[in-house]
Amino acid sequence: MNLVSRIQAVCSTSGLPLLMSERFAGLLDARQTTSIGRHALKGFLEPIEIRAPNDAPLNPVVPSIKGNMS
């Protein structure tokens, strides 16, 4: 599995349609994205910072998925 697959899983559990890694978000203007926190992703030793576009509706479920290893 790769990082994109793991981020897609966070999309599925959070209800947010578009998420990205901090590294990818770094290619954009910093004001265009918002952190939804660091998430423990299966296959990665350290939690990964995940970001959403600012125009994405933030779902109140997001904080509860931190630490999700599925």
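The values are calculated or read from the model by the stated rules, or taken from the named source; none is laboratory data. Treat the numbers as computed from the prediction; the structure is a model and nothing was measured. Just the protein is used for accessible areas: all its heavy atoms, side chains included, with ligands, DNA and RNA removed. Shrake-Rupley method; radii C 1.70, N 1.55, O 1.52, S 1.80 Å.
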For this session: Run E22 past the list (1) open to solvent by less than 90 Å² (accessible area, probe 1.4 Å); (2) modelled with pLDDT of 85 or more and report the number of the one that doesn't hold.
Result: (1)
For this session: Go through the residues of the range 26-41 one by one and say whether even a single one is closer than 14 Å to N2 by Cα and part of a loop (DSSP other than H, G, I, E, B).
Result: yes
